[in-house]
Amino acid sequence: MPLYHTEDQAMLADTVTGFMADEGGIKQQLRYYRDMGCQDGFGHALWKQFAEMGLTGMLASEADGGLAMGHVEAGIVLREIGRNLTPSPFLTTSVMGVTALSGGSDDLRGRWLPGVIAGDSVLAVAIDESPKHRPERIAARAEKAGNGFRLSGNKSFVVQGASADAIIVAARTSGSDTDADGITLFAVPKDANGITHENLRLVDSAMASNIRFDNVELDGDCVIGQVDGGRELLNKVLAAGRIGSAAELTGVGHGAFDITTAYLKTRKQFGRLIGEFQALQHRAAHLYSELEIASAAVIKAQQLLDGGAEKAELMVSVAKAKAARTCNLAVREGVQMHGGVGMTDEYDIGLYMKRDRSLTEFMGDQYYHAERVAQLSGY
Amino acid sequence: MSDLENFRQEIRSWLEANCPAEMRQPVTDEGDVCWGGRNFVFKNEAQKQWLERCVAKGYTVPDWPQAYGGAGMSPAQAKVWREECARIGARPPLSSFGIWMLGPALLKFGTEEQKVHYLGEIARGEIRWCQGYSEPGSGSDLVSLQTFGEDKGDHWVVNGQKIWTSYADKADWIFCLVRTDKANKYQGISFLLFDMTTPGVTTKPILLISGNSPFCETFFDDVKVPKHQIVGELNRGWDVAKYLLGHEREMISGAGGGDRLNAIGAVVARNGLEDPMLRAELAMFDVDALAYGCMGEKFLDEAKIGKAHPAQPNMMKYAGTELNKRRHELLMSAGGATALEWDSERTNGGSPARSWLRTKANSIEGGTSEVMLNVVAKRILDLPGA
Ligand SMILES: Cc1cc2nc3c(=O)[nH]c(=O)nc-3n(C[C@H](O)[C@H](O)[C@H](O)COP(=O)(O)OP(=O)(O)OC[C@H]3O[C@@H](n4cnc5c(N)ncnc54)[C@H](O)[C@@H]3O)c2cc1C
Ligand SMILES: Cc1cc2nc3c(=O)[nH]c(=O)nc-3n(C[C@H](O)[C@H](O)[C@H](O)COP(=O)(O)OP(=O)(O)OC[C@H]3O[C@@H](n4cnc5c(N)ncnc54)[C@H](O)[C@@H]3O)c2cc1C
């Protein structure tokens, strides 16, 4: 398969690019909700518009009322979300959440997917339990209790966790904390008893929750997929989140790059446009090159994932590590090349710098994924 | 089955039947590369056989038209050919400046007669070409070149000096940039072809830091070049030269495949990898190398449908060569003291050290990294005054 978008994908990209620039722009969305101190960290009206565009159910099957598209298409949306820094539950809900639920029963999908596809509900994904991404270690436990389970434990960095109608939780139903087996995924309704949120604002104005589950009673039909056999599904959810955040990062990087090169063409010092200085030109050209390479790695990983290829796992980690490193370079160079104004809240470049940090951390940073590349390569 | 799948099966069974086992071994030194040409000495029978079989099918230049010695493959078919060759580790049957550089330029700028004649010779591996661009005073600033061709009616008389001419002492013909109008900088250069055995052509090898002498100073002393041996129009050779440079840069970038795209951590680890800091650097390198491999694939895919930015080969050359230099720095570190050996048998005559030193030229030959960045800044980013 050639490494560029098909005609259909290119059409989708055109539509989404226009939509996100018109409706998801920094002033209308990110700054607006940030400045009002919104506790969701995103706007529900825009989420409803996502639904009207058919984006909320992109990854859901046609039988479930979705569009049965893949990670290439979801990546198109995420890239534009990144470029515009649009606060949106798309990644956790429509990419990771839907991937999780697709492994669930008819009943479970029927319970949650219609709301998601209609843009009425939001999902969050609770996997990590420490400040760094370590999905190999899951200590939160769900003990069998009657027909159902009783869930206890802590989950951290659950993006939009306090706003979610259901939280997809990875918990241990057997074995010890670092066992690969013994994991079960649950769709936990927000109003279940025993859930405490510590709802926190992050550096990029997104909201994330540290969640405490204290003997939360769950029906057996909250289980997604198989009891004790959830690791495979969890890995799918992780892959979706990783490649999704990588795609979003390339959008953030390109967005930062575009406003920076535009600035180089307008700011004058020493009687010249600063873009005339070779010291800056070379750094901008290097950055361009890195961004191109990161984007290539991302589309390759998306295609492999959609095709179910064995190499997908490796390339997803390559893509996330490369996108994280590159986007970080883009925002650092962006602020630096803006000079003093880069440090002000008035200019957008600093917002890109903040978003980069959050997204890089989400589902594993460059260090985590480079380590995975080494392990998957056999060293 | 789709047509392309049928084609893949066809290629696969042809390769199975025709690619000799020796030609499926990795290339370990210069002698393994088949350059062709009048004076080429085959290393073994398998190398000769492999070339002849590919020539008969047009597979030395699979995507050139059949009329010019190619196999007339579509872009998608050529990709299948590359994938199938890579699958069994088949070596390129023929490597040459003719294939990588002159060929594409002739396909675009040559007359029908030139195409049939020169492209055929290249495809069959009969003539080996060298590149006469750089001069002592004109490296990055190539357009300032001084080698002059004086108009003598039906021919030019060329005088001057070229430098860094790779394989000038082994090549049969040269494609050469010659000033034919002193009053006009850009539109005063012509792109000439001539035989290296023409009276007045001499070469003098230059010793490199790697201890090898693959390139030469080349001197022209009243060299007669017939008028029909010009490519493109008189004084418009710069257009041909630039077009050719695009292909040269693409080739040096390694985008088309080869070990430049490979990760190295696993290979290094086979001999033990005790240093965690080195392991970490290898892992970061592998991330970059595997990502660059995707870029190579994307670049070729986009180039074939005319979607790549015309200046994109400059970016590829910059990224690919800087990556390759980093690769060899890491390989030297991983090799430790063994990698320092200069002529021992177990290092195949100092191969790690010599290869490491050779890679330093990657970001110089064909246009330096700094010049690549200048071109990207100007032509792709449209930065002011670049
Ligand atoms: C937190 C903070 C506190 C400050 N406090 C004070 C203060 O108390 N008093 C005060 O007077 N000032 C203060 N400054 C201003 C500071 O000194 C300037 O921001 C600084 O001199 C850079 O100028 P500029 O912001 O106009 O950037 P510009 O000069 O516009 O630079 C923009 C970019 O172009 C690059 N550039 C410019 N010229 C060249 C060149 N010739 N070659 C290559 N690159 C070039 C710069 O390196 C930079 O990356 C402060 C700034 C900050 C951020
Ligand atoms: C192994 C090898 C094989 C070669 N084979 C051939 C061949 O077959 N045929 C042929 O014609 N040539 C060949 N070359 C020559 C090659 O193309 C030149 O070396 C190259 O173009 C650089 O020119 P130069 O060596 O004169 O360096 P210079 O142009 O003198 O450059 C010196 C330094 O200045 C920097 N610099 C120059 N201009 C700028 C600028 N505007 N902005 C920023 N930095 C700048 C360069 O990047 C470099 O770092 C070969 C070179 C090597 C190393």
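Tabulated data
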item: Some residue of the stretch A:258-266 being more than 10 Å from chain B (Cβ to nearest Cβ), touching a Cys at 6+ places or on another chain (Cβ under 6 Å), surrounded by 21 or more Cβ atoms within 10 Å (Cβ to Cβ) and assigned to a helix (DSSP H, G or I); result: no
item: All positions within the stretch B:129-154 that are over 21 Å from B:Ala183 (Cβ atoms) and either part of a strand (DSSP E or B) or not assigned by TED's automatic domain parsing to the domain that holds B:Phe215 (or both); result: B:Trp129, B:Cys130, B:Gln131, B:Gly132
item: Selection count, the stretch B:267-304, where residues are more than 7 Å from chain A (Cβ to nearest Cβ) and in a loop (DSSP other than H, G, I, E, B); result: 5
item: Condition check for B:Val157: of a type in the set (Val, Ile, Thr) and either part of a strand (DSSP E or B) or over 24 Å from the mean Cα position of the chain (by Cα) (or both); result: yes
item: Of residues in the stretch B:337-386 being of a type in the set (Asp, Glu) and within 14 Å of chain A (Cβ to nearest Cβ), the one nearest to B:Gln131 (Cα to Cα); result: B:Glu370
item: Residue identified as surrounded by 20 or more Cβ atoms within 10 Å (Cβ to Cβ) and away from chain B (no Cβ under 13 Å) among A:Ala319, A:Ala296, A:Ala330; result: A:Ala330
item: Tabulated pairs, the stretch A:279-305, first under 15 Å from A:Arg332 (Cα atoms) and in the same structural domain as A:Ala319 (by TED's automatic domain parsing), second of a type in the set (Asp, Glu) and more than 16 Å from ligand 2 (Cβ to nearest atom), C-beta under 7 angstrom, 6+ apart or interchain; result: A:Arg283/A:Glu333; A:Leu287/A:Glu333
item: Residue in the stretch B:103-116 that is in a loop (DSSP other than H, G, I, E, B) and either outside the structural domain of B:Thr202 (by TED's automatic domain parsing) or touching a residue at least 12 places away in the same chain (Cβ under 8 Å) (or both) present; result: yes
item: Matching residues, the stretch A:228-261, being among the basic types (Lys, Arg) and more than 20 Å from A:Asp356 (Cβ to Cβ); result: A:Arg231, A:Lys236
item: Helices (runs of 4 or more DSSP H) lying entirely in the stretch A:1-63 (those with 3 or more residues that are outside the structural domain of A:Ser105 (by TED's automatic domain parsing) and aliphatic (A, V, I, L, M)); result: none
item: Residue within the stretch A:297-319 that is closer than 24 Å to A:Val158 by Cα, away from ligand 2 (no atom under 16 Å from the Cβ) and not in a helix (DSSP H, G or I) present; result: no
item: Strands (runs of 3 or more DSSP E) lying entirely in the stretch A:101-212 (those with 1 or more residues that are surrounded by fewer than 19 Cβ atoms within 10 Å (Cβ to Cβ)); result: A:141-145, A:148-159, A:183-189, A:195-201
item: Residue that is nearest to ligand 1 (Cβ to nearest atom), among those in the stretch B:354-377 that are in a helix (DSSP H, G or I) and without any contact (Cβ under 8 Å) to a residue 24 or more places away in the chain; result: B:Ala377
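Conditions (1) in a helix (DSSP H, G or I); (2) within 16 Å of ligand 1 (Cβ to nearest atom); (3) within 11 Å of chain B (Cβ to nearest Cβ), marked per residue:
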position	(1), (2), (3)
A:Asp214	no, no, no
A:Thr250	yes, no, no
A:Gly275	yes, yes, yes
A:Leu287	yes, yes, yes
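The values are calculated or read from the model by the stated rules, or taken from the named source; none is laboratory data. Everything numeric here is computed off the predicted structure, so don't read it as measured data. Glycine also receives a Cβ, built like all others from the backbone with ideal geometry; neighbour counts cover every protein chain displayed.
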